[in-house]
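A short worksheet on the structure shown next.
The values are calculated or read from the model by the stated rules, or taken from the named source; none is laboratory data. Bear in mind the structure is a predicted one, so any value in this text is a computation, not a measurement. Here Cβ is always computed from backbone atoms with ideal geometry, including for glycine, and neighbour counts include all displayed protein chains. Please note that ligands, DNA and RNA were not included when accessible areas were found on the heavy atoms of the full protein model with its side chains. Shrake-Rupley method; radii C 1.70, N 1.55, O 1.52, S 1.80 Å.
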Amino acid sequence: MTVAIVSNGFADGPAQALRDYLVARDFGVVTIFHPLTPEQGGSHRVATYAAGAQVRERTVRLPLRPLASFVLDPFVPLLPPQVDAWFGFNPLACARGLVAQRQRRARRVLLWSVDFVPDRFGRGTLPTRVYDRVDRLCCRRADERVELSEAAREARNRRHDLPPDSSRAYVVPMGAWIDRVPTTPPDGFQPRRVVFLGHLVARQGVQALLGALSTLGDVAADVIGTGPLETSLREQARRAGLDVTFHGYVPDHRDVELLLSRSAVAVAPYAQTDATFTRYADPGKLKAYLAAGLPIVVTDVPPNAHELASNAGAEVVADDPAALADAISRALA
């Protein structure tokens, strides 16, 4: 069987996990990865795998960066691969698969949604209306679809008022490769290092984390990821005299896993606002934290926060620096 996997983003996630799973089982796989954030530039990567190994890769460089480059994603490559199954990890990628299906270049098309964001580009704006129309079309026309959480499936069904004959939807949560991930050792608390993994935007709450660190004294931190707030966060840490290492974008997730295993406490200080789409998500970093054997400090935003507290030693706190600092102190103690 041959499979196309079309997604935005180059690092770890459901698309990359599906690729690794299928390649290990000798499927013929074509991956088409488009840039997701402006920091990833204008490179689009197309790779082909056969007999359990990569046999070809090429990079298409375009002058536009995200978000503007999203309109060009469906045209890379111009001729879609001939496949038995097409996995589109967003509405545009799925819609391209539906076109390929009409062209008899894809037998089955699946929409794999990695998030749900109400009013993605602002309430009532033209980009939001266009996005919703394409998303609803894919939910109706794809052979099947996948959601990361029950909350996302229900919210998308309501948003698009999907009729009963829409595509069957499965809930497939995020996972982690626990057989390959290095874990923090029994004395891993001694370095007193806190780690954060994620995109550096306001909803991720890194500003509150830095505020917490400023009251904790000898606690160091690793911040893995990049985003529009990176420069201001670096300046905030410098002014406060904090021992924070900003690693930026780390392309190989195995390097991310190694950094996690050298930490003592992992934090997910999501801002508690109604606008955050994390309420409908299954954040991959929480599974990465768990796989590394780390205690977690998390705000009451992701739908599995209290499940983590009940079954995985996490502590659920408010998204303010004092609450974060107290929880980090308790975990280190």
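Would a scan of the range 252-262 turn up a residue that is modelled with pLDDT under 95 and on the phi > 0 side of the Ramachandran plot? The answer is no, given that none of the residues of the range 252-262 is modelled with pLDDT under 95 and on the phi > 0 side of the Ramachandran plot.
Please work out if ASP255 is of a type in the set (Asp, Glu), open to solvent by 30 Å² or more (accessible area, probe 1.4 Å) and in a loop (DSSP other than H, G, I, E, B).
On the way: of a type in the set (Asp, Glu): yes; open to solvent by 30 Å² or more (accessible area, probe 1.4 Å): yes; in a loop (DSSP other than H, G, I, E, B): no.
Answer is no for this residue.
Checked against the criterion of being buried (at least 20 other Cβ atoms within 10 Å of the Cβ) and among the β-branched types (Val, Ile, Thr), the candidates VAL55, VAL109 yield just one match: VAL109. Among residues of the range 274-303 being part of a loop (DSSP other than H, G, I, E, B), open to solvent by less than 50 Å² (accessible area, probe 1.4 Å) and free of Cβ contacts under 8 Å to residues at least 60 places away in the same chain, the one that is farthest from LEU213 (Cα to Cα) is PRO302.
Being acidic (Asp, Glu) and surrounded by 22 or more Cβ atoms within 10 Å (Cβ to Cβ): is that true of ASP222 here? No.
Could you say whether any residue in the range 124-131 is over 27 Å from GLN16 (Cβ atoms), open to solvent by 50 Å² or more (accessible area, probe 1.4 Å) and touching a Ser or Thr at 6+ places or on another chain (Cβ under 8 Å)? No, the range 124-131 has no match at all. Search the range 131-165 for residues being among the acidic types (Asp, Glu) and not in a helix (DSSP H, G or I), and hand back the single one that is farthest from VAL71 (Cα to Cα). If we take residues in the range 131-165 being among the acidic types (Asp, Glu) and not in a helix (DSSP H, G or I), then ASP165 is farthest from VAL71 (Cα to Cα).
For the range 231-240, check the following and say yes or no: at least one residue is among the aliphatic types (A, V, I, L, M), within 23 Å of the chain's Cα centre (by Cα) and buried (at least 18 other Cβ atoms within 10 Å of the Cβ). Scanning the range 231-240, I find at least one residue that is among the aliphatic types (A, V, I, L, M), within 23 Å of the chain's Cα centre (by Cα) and buried (at least 18 other Cβ atoms within 10 Å of the Cβ), so the answer is yes.
So that you can scan it fast, the table gives a plain yes or no per residue for (1) touching an Asp or Glu at 6+ places or on another chain (Cβ under 6 Å); (2) polar (S, T, N, Q); (3) open to solvent by 70 Å² or more (accessible area, probe 1.4 Å):
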position: PRO173; (1), (2), (3): yes, no, yes
position: TRP177; (1), (2), (3): no, no, yes
position: ALA208; (1), (2), (3): yes, no, no
position: LEU216; (1), (2), (3): no, no, no
position: GLY227; (1), (2), (3): no, no, no
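For the range 23-120, please list each of the strands (runs of 3 or more DSSP E) lying entirely inside it that holds at least 1 residues being of a type in the set (A, V, I, L, M) and within 22 Å of PRO173 (Cβ to Cβ).
Details: elements: 28-34, 43-50, 53-61, 83-88, 106-112.
Correct list: 83-88, 106-112.
Contact map, the range 30-48: residues that are at negative phi and polar (S, T, N, Q) paired with residues that are open to solvent by 30 Å² or more (accessible area, probe 1.4 Å) and part of a strand (DSSP E or B), Cβ distance under 6 Å, separation 6+ or inter-chain. Pairs shown: SER43/THR59; SER43/ARG61; THR48/VAL55; THR48/ARG56. Take GLN16 and tell me if it is touching a residue at least 40 places away in the same chain (Cβ under 8 Å) and open to solvent by 30 Å² or more (accessible area, probe 1.4 Å). In short, no. Would the range 90-104 turn up any residue that is crowded, with 19+ Cβ neighbours inside 10 Å and over 21 Å from LEU137 (Cα atoms)? Within the range 90-104 (the criterion being crowded, with 19+ Cβ neighbours inside 10 Å and over 21 Å from LEU137 (Cα atoms)), the answer is no, since none of the residues qualifies. The number of residues in the range 19-33 that are open to solvent by 10 Å² or more (accessible area, probe 1.4 Å) and either β-branched (Val, Ile, Thr) or closer than 16 Å to ASP73 by Cβ (or both) comes to 3.
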